[in-house]
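Structure first, commentary second.
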Amino acid sequence: MNGRGNIAVGAKPKVFLTGATGFIGGRLLRILNQEGLPTRCIARSLDRFPRELAGSCEVEVVQGDLLNREGLDRAMEGMEVAYYLVHSMGGRSIFHYKTYIGRDLQAAENFVRAADAAGLERIIYLGGLGEMADNLSAHLVSRQRVGQILQSGRVKTTVLRAANIIGAGGAPFEMLRHLAERLPVMICPRWIDTRCQPIAVENVIEYLIGCVSQPATAGLTLDIGGTDIITYRELMEIYAQMRGLRRMVIAVPFLSPVLSSYWISLVTPVPAGIVMPLVEGLKNEVICKDNRILELVPIRLLSMKEAICNALAELEQRAGKPISRQACFLS
Ligand SMILES: NC(=O)c1ccc[n+]([C@@H]2O[C@H](COP(=O)([O-])OP(=O)(O)OC[C@H]3O[C@@H](n4cnc5c(N)ncnc54)[C@H](OP(=O)(O)O)[C@@H]3O)[C@@H](O)[C@H]2O)c1
(Lines give C-alpha, C1' and ligand atoms only; values in the text may rest on other atoms or scores of the structure.)
Protein backbone atom coordinates (compact mmCIF):
# COMPACT_ATOMS: atom_id res chain seq x y z
CA MET A 1 0.00 0.00 0.00
CA ASN A 2 1.28 3.44 -0.76
CA GLY A 3 -1.65 5.46 0.50
CA ARG A 4 -3.12 6.04 -2.96
CA GLY A 5 -5.52 3.12 -3.03
CA ASN A 6 -8.06 3.29 -5.81
CA ILE A 7 -9.17 6.81 -5.08
CA ALA A 8 -8.50 9.05 -8.05
CA VAL A 9 -9.10 12.77 -8.02
CA GLY A 10 -11.02 13.63 -11.20
CA ALA A 11 -11.10 17.42 -11.46
CA LYS A 12 -7.87 18.92 -10.15
CA PRO A 13 -8.75 21.58 -7.60
CA LYS A 14 -6.15 24.02 -6.31
CA VAL A 15 -5.20 22.68 -2.89
CA PHE A 16 -4.09 24.68 0.12
CA LEU A 17 -2.21 22.42 2.53
CA THR A 18 -1.32 23.09 6.15
CA GLY A 19 0.94 20.82 8.18
CA ALA A 20 3.07 19.77 5.18
CA THR A 21 6.13 19.45 7.43
CA GLY A 22 4.26 17.02 9.68
CA PHE A 23 3.58 13.28 9.74
CA ILE A 24 0.21 13.34 7.92
CA GLY A 25 0.65 16.50 5.83
CA GLY A 26 4.04 15.38 4.50
CA ARG A 27 2.61 12.09 3.26
CA LEU A 28 -0.46 13.77 1.81
CA LEU A 29 1.68 16.29 -0.05
CA ARG A 30 3.58 13.48 -1.82
CA ILE A 31 0.34 11.86 -2.97
CA LEU A 32 -1.20 15.18 -4.08
CA ASN A 33 1.96 15.76 -6.07
CA GLN A 34 1.79 12.29 -7.66
CA GLU A 35 -1.85 13.00 -8.57
CA GLY A 36 -0.73 16.25 -10.23
CA LEU A 37 -2.82 18.53 -8.01
CA PRO A 38 -1.49 22.08 -7.82
CA THR A 39 -0.74 22.60 -4.12
CA ARG A 40 0.19 25.65 -2.09
CA CYS A 41 1.55 24.96 1.38
CA ILE A 42 2.05 27.21 4.36
CA ALA A 43 5.05 26.35 6.52
CA ARG A 44 6.57 28.08 9.53
CA SER A 45 10.03 26.88 8.59
CA LEU A 46 11.11 26.28 5.01
CA ASP A 47 14.05 24.21 6.32
CA ARG A 48 11.65 21.51 7.47
CA PHE A 49 9.81 21.39 4.15
CA PRO A 50 10.42 18.18 2.11
CA ARG A 51 13.31 19.20 -0.15
CA GLU A 52 12.47 16.95 -3.09
CA LEU A 53 9.05 18.62 -3.38
CA ALA A 54 10.05 22.23 -2.83
CA GLY A 55 11.29 22.40 -6.44
CA SER A 56 8.26 20.69 -8.04
CA CYS A 57 6.33 22.88 -10.46
CA GLU A 58 3.01 21.85 -8.88
CA VAL A 59 4.11 22.74 -5.32
CA GLU A 60 4.35 26.25 -3.93
CA VAL A 61 5.49 27.01 -0.39
CA VAL A 62 4.65 30.19 1.47
CA GLN A 63 6.38 30.95 4.73
CA GLY A 64 3.77 31.74 7.36
CA ASP A 65 2.12 30.86 10.60
CA LEU A 66 -1.54 30.07 11.27
CA LEU A 67 -1.25 32.23 14.36
CA ASN A 68 -0.53 35.15 12.03
CA ARG A 69 -3.60 36.03 10.01
CA GLU A 70 -1.81 38.25 7.49
CA GLY A 71 0.43 35.52 6.03
CA LEU A 72 -2.54 33.20 5.93
CA ASP A 73 -4.74 35.56 3.86
CA ARG A 74 -2.08 35.89 1.19
CA ALA A 75 -1.37 32.16 1.16
CA MET A 76 -5.05 31.22 0.68
CA GLU A 77 -5.72 33.54 -2.25
CA GLY A 78 -7.10 31.69 -5.28
CA MET A 79 -7.23 28.30 -3.55
CA GLU A 80 -10.24 25.96 -3.71
CA VAL A 81 -9.82 23.07 -1.25
CA ALA A 82 -7.91 23.36 2.04
CA TYR A 83 -6.58 20.64 4.32
CA TYR A 84 -6.31 21.52 8.01
CA LEU A 85 -3.64 19.18 9.42
CA VAL A 86 -2.28 21.22 12.29
CA HIS A 87 -2.12 20.98 16.06
CA SER A 88 -0.12 23.07 18.51
CA MET A 89 1.19 20.44 20.93
CA GLY A 90 4.93 20.12 21.34
CA GLY A 91 7.99 21.28 23.17
CA ARG A 92 10.08 19.52 25.77
CA SER A 93 8.59 21.21 28.84
CA ILE A 94 6.52 19.07 31.17
CA PHE A 95 5.24 22.18 32.99
CA HIS A 96 3.85 24.43 30.25
CA TYR A 97 2.55 21.80 27.90
CA LYS A 98 -1.10 22.90 28.26
CA THR A 99 -0.51 26.22 26.48
CA TYR A 100 -1.23 24.38 23.20
CA ILE A 101 -5.00 24.64 23.79
CA GLY A 102 -5.20 28.43 23.32
CA ARG A 103 -2.96 28.21 20.23
CA ASP A 104 -5.09 25.41 18.72
CA LEU A 105 -8.21 27.54 18.98
CA GLN A 106 -6.56 30.75 17.80
CA ALA A 107 -5.08 29.03 14.74
CA ALA A 108 -8.49 27.58 13.82
CA GLU A 109 -10.22 30.98 14.28
CA ASN A 110 -7.66 32.66 12.02
CA PHE A 111 -7.96 29.88 9.47
CA VAL A 112 -11.76 29.99 9.23
CA ARG A 113 -11.83 33.78 8.84
CA ALA A 114 -9.16 33.67 6.13
CA ALA A 115 -10.99 30.79 4.38
CA ASP A 116 -14.25 32.76 4.37
CA ALA A 117 -12.48 35.84 3.03
CA ALA A 118 -10.70 33.83 0.32
CA GLY A 119 -13.98 32.16 -0.73
CA LEU A 120 -12.67 28.59 -0.49
CA GLU A 121 -15.01 25.82 -1.63
CA ARG A 122 -14.11 23.18 0.92
CA ILE A 123 -12.05 22.52 4.06
CA ILE A 124 -11.04 19.02 5.15
CA TYR A 125 -9.89 18.70 8.75
CA LEU A 126 -8.40 15.64 10.42
CA GLY A 127 -9.35 15.69 14.09
CA GLY A 128 -9.80 13.20 16.89
CA LEU A 129 -12.43 10.64 17.91
CA GLY A 130 -14.17 10.78 21.28
CA GLU A 131 -17.49 11.94 22.68
CA MET A 132 -17.74 15.24 24.58
CA ALA A 133 -20.01 13.60 27.19
CA ASP A 134 -17.24 11.16 28.15
CA ASN A 135 -15.07 13.52 30.22
CA LEU A 136 -12.66 13.88 27.32
CA SER A 137 -9.01 14.84 27.85
CA ALA A 138 -8.01 18.45 27.09
CA HIS A 139 -6.36 17.40 23.81
CA LEU A 140 -9.43 15.53 22.57
CA VAL A 141 -11.69 18.44 23.60
CA SER A 142 -9.39 20.78 21.72
CA ARG A 143 -9.64 18.58 18.58
CA GLN A 144 -13.47 18.70 18.80
CA ARG A 145 -13.52 22.47 19.35
CA VAL A 146 -11.21 23.06 16.39
CA GLY A 147 -13.71 21.08 14.27
CA GLN A 148 -16.60 23.20 15.55
CA ILE A 149 -14.72 26.44 14.84
CA LEU A 150 -13.87 25.34 11.30
CA GLN A 151 -17.48 24.26 10.67
CA SER A 152 -18.79 27.61 11.98
CA GLY A 153 -17.57 29.44 8.87
CA ARG A 154 -19.16 29.72 5.44
CA VAL A 155 -16.93 27.10 3.81
CA LYS A 156 -18.26 23.53 3.83
CA THR A 157 -15.97 21.68 6.20
CA THR A 158 -15.53 17.92 6.41
CA VAL A 159 -14.30 16.73 9.80
CA LEU A 160 -12.64 13.31 9.77
CA ARG A 161 -12.26 11.96 13.31
CA ALA A 162 -9.52 9.40 13.93
CA ALA A 163 -8.02 7.58 16.92
CA ASN A 164 -4.30 6.76 16.84
CA ILE A 165 -2.82 6.72 13.38
CA ILE A 166 -0.25 3.97 12.86
CA GLY A 167 2.68 4.76 10.59
CA ALA A 168 6.44 5.27 10.81
CA GLY A 169 7.31 8.66 12.27
CA GLY A 170 3.88 9.32 13.80
CA ALA A 171 3.80 10.00 17.54
CA PRO A 172 1.53 7.03 18.50
CA PHE A 173 3.56 4.46 16.56
CA GLU A 174 6.90 5.85 17.76
CA MET A 175 5.67 5.72 21.38
CA LEU A 176 4.46 2.14 20.92
CA ARG A 177 7.63 1.04 19.13
CA HIS A 178 10.10 2.52 21.59
CA LEU A 179 8.21 1.25 24.63
CA ALA A 180 7.91 -2.26 23.24
CA GLU A 181 11.53 -2.34 22.02
CA ARG A 182 13.07 -0.99 25.20
CA LEU A 183 11.02 -2.33 28.11
CA PRO A 184 10.74 -6.11 28.70
CA VAL A 185 8.41 -5.40 31.62
CA MET A 186 6.03 -2.45 31.52
CA ILE A 187 4.13 -1.14 34.53
CA CYS A 188 1.16 0.83 33.18
CA PRO A 189 -1.89 2.63 34.53
CA ARG A 190 -5.38 1.33 33.85
CA TRP A 191 -5.51 3.09 30.47
CA ILE A 192 -3.64 0.15 28.99
CA ASP A 193 -7.00 -1.68 28.90
CA THR A 194 -8.97 1.15 27.24
CA ARG A 195 -10.34 0.20 23.83
CA CYS A 196 -9.44 2.11 20.69
CA GLN A 197 -9.82 1.76 16.93
CA PRO A 198 -6.49 2.75 15.41
CA ILE A 199 -6.10 3.24 11.67
CA ALA A 200 -3.19 2.77 9.26
CA VAL A 201 -1.73 6.02 7.95
CA GLU A 202 -2.15 4.71 4.37
CA ASN A 203 -5.93 4.49 4.93
CA VAL A 204 -6.03 8.00 6.44
CA ILE A 205 -4.36 9.42 3.33
CA GLU A 206 -6.84 7.55 1.13
CA TYR A 207 -9.74 9.06 3.08
CA LEU A 208 -8.26 12.56 2.92
CA ILE A 209 -7.90 12.27 -0.87
CA GLY A 210 -11.22 10.44 -1.19
CA CYS A 211 -13.13 13.29 0.45
CA VAL A 212 -12.07 15.61 -2.37
CA SER A 213 -13.34 13.17 -5.02
CA GLN A 214 -16.61 12.58 -3.14
CA PRO A 215 -18.61 15.85 -2.88
CA ALA A 216 -21.19 14.12 -0.64
CA THR A 217 -18.64 14.27 2.20
CA ALA A 218 -18.70 18.10 2.17
CA GLY A 219 -19.85 19.56 5.49
CA LEU A 220 -20.04 16.16 7.23
CA THR A 221 -18.38 14.91 10.40
CA LEU A 222 -17.23 11.34 9.77
CA ASP A 223 -15.45 8.79 11.96
CA ILE A 224 -12.57 6.86 10.43
CA GLY A 225 -10.99 3.73 11.92
CA GLY A 226 -9.22 0.52 10.98
CA THR A 227 -10.52 -3.05 11.14
CA ASP A 228 -9.46 -3.73 14.75
CA ILE A 229 -11.14 -2.54 17.92
CA ILE A 230 -8.51 -3.40 20.52
CA THR A 231 -7.02 -2.29 23.82
CA TYR A 232 -3.66 -0.52 24.02
CA ARG A 233 -2.36 -3.67 25.71
CA GLU A 234 -3.41 -5.75 22.68
CA LEU A 235 -1.80 -3.24 20.32
CA MET A 236 1.43 -3.57 22.27
CA GLU A 237 1.14 -7.37 22.15
CA ILE A 238 0.63 -7.36 18.36
CA TYR A 239 3.77 -5.25 17.91
CA ALA A 240 5.82 -7.46 20.26
CA GLN A 241 4.54 -10.65 18.59
CA MET A 242 5.48 -9.37 15.13
CA ARG A 243 8.97 -8.48 16.30
CA GLY A 244 9.38 -11.74 18.22
CA LEU A 245 9.77 -9.89 21.55
CA ARG A 246 8.65 -11.40 24.87
CA ARG A 247 6.99 -8.58 26.80
CA MET A 248 5.05 -8.40 30.04
CA VAL A 249 2.55 -5.58 30.62
CA ILE A 250 1.27 -5.11 34.18
CA ALA A 251 -1.59 -2.69 34.92
CA VAL A 252 -1.56 -1.04 38.34
CA PRO A 253 -4.22 1.26 39.82
CA PHE A 254 -1.88 3.83 41.41
CA LEU A 255 0.08 5.11 38.40
CA SER A 256 -1.41 8.43 37.22
CA PRO A 257 -1.37 9.54 33.57
CA VAL A 258 1.02 12.36 34.55
CA LEU A 259 3.51 9.94 36.09
CA SER A 260 3.30 7.58 33.13
CA SER A 261 3.83 10.51 30.74
CA TYR A 262 7.09 11.32 32.55
CA TRP A 263 8.56 7.90 31.97
CA ILE A 264 7.20 7.58 28.42
CA SER A 265 8.91 10.84 27.48
CA LEU A 266 12.13 9.51 29.03
CA VAL A 267 12.00 6.14 27.23
CA THR A 268 10.81 7.38 23.82
CA PRO A 269 12.06 10.19 21.54
CA VAL A 270 8.57 11.77 21.43
CA PRO A 271 8.72 15.19 23.20
CA ALA A 272 6.96 15.56 26.56
CA GLY A 273 4.77 18.31 25.10
CA ILE A 274 3.20 15.70 22.82
CA VAL A 275 3.37 12.66 25.14
CA MET A 276 1.50 14.38 28.00
CA PRO A 277 -1.65 15.40 26.07
CA LEU A 278 -1.75 12.09 24.22
CA VAL A 279 -1.37 9.99 27.39
CA GLU A 280 -4.07 12.02 29.15
CA GLY A 281 -6.38 10.97 26.32
CA LEU A 282 -5.71 7.24 26.69
CA LYS A 283 -8.41 7.02 29.38
CA ASN A 284 -11.03 7.84 26.71
CA GLU A 285 -12.42 5.12 24.48
CA VAL A 286 -11.93 6.19 20.86
CA ILE A 287 -14.10 4.02 18.63
CA CYS A 288 -16.02 4.94 15.44
CA LYS A 289 -19.69 5.57 16.10
CA ASP A 290 -20.67 7.00 12.71
CA ASN A 291 -19.56 4.66 9.91
CA ARG A 292 -21.03 6.51 6.91
CA ILE A 293 -17.50 6.91 5.49
CA LEU A 294 -17.46 3.19 4.63
CA GLU A 295 -20.09 3.83 1.94
CA LEU A 296 -19.08 7.34 0.96
CA VAL A 297 -15.40 6.52 0.42
CA PRO A 298 -15.06 2.74 0.07
CA ILE A 299 -11.46 1.63 0.51
CA ARG A 300 -9.77 -1.57 1.72
CA LEU A 301 -9.06 -1.01 5.39
CA LEU A 302 -5.84 -2.43 6.78
CA SER A 303 -5.58 -4.52 9.93
CA MET A 304 -3.22 -3.42 12.69
CA LYS A 305 -0.84 -6.24 11.70
CA GLU A 306 -0.71 -4.85 8.16
CA ALA A 307 -0.30 -1.29 9.43
CA ILE A 308 2.61 -2.26 11.71
CA CYS A 309 4.13 -4.39 8.94
CA ASN A 310 4.07 -1.38 6.60
CA ALA A 311 5.56 0.88 9.25
CA LEU A 312 8.39 -1.57 9.94
CA ALA A 313 9.03 -1.98 6.19
CA GLU A 314 9.26 1.80 5.84
CA LEU A 315 11.70 2.05 8.74
CA GLU A 316 13.77 -0.72 7.15
CA GLN A 317 13.86 1.14 3.88
CA ARG A 318 14.90 4.38 5.57
CA ALA A 319 17.64 2.67 7.60
CA GLY A 320 18.76 0.53 4.66
CA LYS A 321 18.96 -2.55 6.87
CA PRO A 322 16.49 -5.28 7.83
CA ILE A 323 14.49 -5.25 11.07
CA SER A 324 14.05 -8.79 12.35
CA ARG A 325 10.49 -10.11 12.41
CA GLN A 326 8.61 -13.33 13.02
CA ALA A 327 8.72 -15.29 9.74
CA CYS A 328 4.93 -15.11 9.31
CA PHE A 329 5.08 -11.29 9.22
CA LEU A 330 7.93 -10.94 6.75
CA SER A 331 5.76 -10.23 3.75
N1 LIG B 1 -0.84 11.42 14.37
C2 LIG B 1 -1.95 10.88 14.81
O3 LIG B 1 -1.97 9.73 15.33
C4 LIG B 1 -3.27 11.63 14.69
C5 LIG B 1 -4.43 11.01 15.15
C6 LIG B 1 -5.66 11.67 15.01
C7 LIG B 1 -5.70 12.94 14.44
N8 LIG B 1 -4.54 13.52 14.04
C9 LIG B 1 -4.63 14.87 13.48
O10 LIG B 1 -3.90 14.97 12.27
C11 LIG B 1 -3.42 16.32 12.12
C12 LIG B 1 -1.93 16.28 11.81
O13 LIG B 1 -1.25 15.61 12.85
P14 LIG B 1 0.24 15.06 12.68
O15 LIG B 1 0.33 13.79 13.45
O16 LIG B 1 0.65 15.10 11.25
O17 LIG B 1 1.05 16.17 13.48
P18 LIG B 1 2.58 16.64 13.33
O19 LIG B 1 3.40 15.61 12.66
O20 LIG B 1 3.00 17.05 14.69
O21 LIG B 1 2.48 17.91 12.39
C22 LIG B 1 1.85 19.09 12.82
C23 LIG B 1 2.00 20.11 11.73
O24 LIG B 1 1.35 21.32 12.13
C25 LIG B 1 2.21 22.40 11.79
N26 LIG B 1 1.88 23.57 12.62
C27 LIG B 1 1.71 23.59 13.95
N28 LIG B 1 1.41 24.84 14.35
C29 LIG B 1 1.39 25.60 13.24
C30 LIG B 1 1.15 26.98 13.00
N31 LIG B 1 0.87 27.84 14.01
N32 LIG B 1 1.22 27.44 11.73
C33 LIG B 1 1.51 26.60 10.71
N34 LIG B 1 1.76 25.29 10.87
C35 LIG B 1 1.69 24.80 12.13
C36 LIG B 1 3.59 21.85 12.08
O37 LIG B 1 4.55 22.68 11.47
P38 LIG B 1 6.06 22.86 12.07
O39 LIG B 1 6.89 21.89 11.26
O40 LIG B 1 6.38 24.27 11.80
O41 LIG B 1 6.01 22.52 13.53
C42 LIG B 1 3.47 20.49 11.44
O43 LIG B 1 3.64 20.56 10.05
C44 LIG B 1 -3.77 17.04 13.43
O45 LIG B 1 -4.96 17.78 13.23
C46 LIG B 1 -4.02 15.91 14.41
O47 LIG B 1 -4.91 16.24 15.44
C48 LIG B 1 -3.33 12.90 14.13
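Note on the chain: dipole from Cβ charges, positive end direction compared against GLY244, GLN214, THR21; the farthest Cα belongs to GLY244. According to the square roots a ≥ b ≥ c of the eigenvalues of the Cα gyration tensor, what is the shape class of region 199-331, taking rounded for a/c under 1.5, prolate for a/b larger than b/c otherwise, and oblate for the remainder? Oblate shape, in that a/c is at least 1.5 and b/c is the bigger or equal ratio.
The value obtained for the chain, namely the Cα convex hull volume divided by the number of residues, is 128 Å³ per residue. Measuring spread by the Cα atoms of region 123-164 yields a radius of gyration and Dmax of 10.3, 30 Å. For the pair ASP73 and ALA138, the difference between a 0.36 nm per residue extended length and the Cα-Cα distance amounts to 20.5 nm.
Taking 7 Å steps out from each Cα toward its Cβ at LYS283 and ARG246 produces label points 3.5 nm apart. Computed over all pairs of different Cα atoms, the Kirkwood value for the hydrodynamic radius of region 1-153 is 16.2 Å. Note: region 78-221, Cα convex hull, 141 Å³ per residue. Sorted largest first, the principal axis extents computed over the alpha-carbon atoms of region 59-102 equal 41, 18, 18 Å. Compared with the rule-of-thumb size 2.2 N^0.38 Å for a compact globular protein, region 98-173 has a Cα radius of gyration ratio of 1.17. In the context of the full set of protein chains, region 244-328 has a per residue accessible area of 53 Å² (1.4 Å probe).
Evaluating 6.51 cos²θ - 1.76 cosθ + 1.60 at θ = phi - 60° for every residue in region 107-123, the Karplus couplings come out as 4, 5, 4, 4, 5, 5, 5, 5, 5, 4, 5, 7, x, 4, 8, 8, 10 Hz, glycine and proline recorded as x. On the basis of the beta-carbon distance and an R0 of 41 Å, ARG44 and ASP290 show a calculated FRET efficiency of 0.80.
By accessible area, using a 1.4 Å probe on protein heavy atoms only, the chain has 52% of its surface on carbon and sulfur. The C-alpha atoms of region 190-249 occupy a region whose extents along the principal axes are 47, 24, 12 Å, arranged from largest to smallest. Computed as a quarter of the hull surface, the mean projected area of the alpha carbon convex hull for region 275-331 stands at 6.6 nm². Scanning residues 5 or more positions from LYS14 or on other chains, those with amide H under 5 Å from its amide H are GLU80, VAL81, with H placed 1.01 Å from N in the peptide plane.
In straight-distance terms, cross-link reach from LYS283 covers every one of the aspartates and glutamates whose alpha-carbon lies under 13 Å from its own, apart from those fewer than eight places away in the same chain; here that gives GLU131, ASP134, ASP193. Here the 3J(HN,Hα) profile of region 219-227, calculated from phi with Karplus coefficients 6.51, -1.76 and 1.60 at θ = phi - 60°, is x, 8, 10, 10, 8, 10, x, x, 7 Hz, Gly and Pro shown as x. With the convex hull of the Cα atoms taken as the outline of region 7-68, the averaged projected area works out to 4.3 nm². Take the Cβ-Cβ distance between TRP263 and ILE323 as r, set R0 to 22 Å, and report the resulting FRET efficiency rounded to the nearest 0.05. Here the calculated transfer efficiency is 0.35. Rolling a 1.4 Å probe across the protein heavy atoms gives region 134-221 an accessible surface of 32 Å² per residue.
When the chain is described by a simple charge dipole with +1 on each Lys and Arg Cβ and -1 on each Asp and Glu Cβ, the residue from ILE264, VAL159, PHE329 located farthest towards its positive end is ILE264.
The values are calculated or read from the model by the stated rules, or taken from the named source; none is laboratory data. Just so it is clear, the structure is predicted and the values come from calculations on it, not from any experiment. No Cβ is skipped: glycine too gets one built from the backbone with ideal geometry, and neighbour counts run over all protein chains shown. Ligands, DNA and RNA are excluded from the accessible area calculation, which covers all protein heavy atoms including side chains. Shrake-Rupley method; radii C 1.70, N 1.55, O 1.52, S 1.80 Å.
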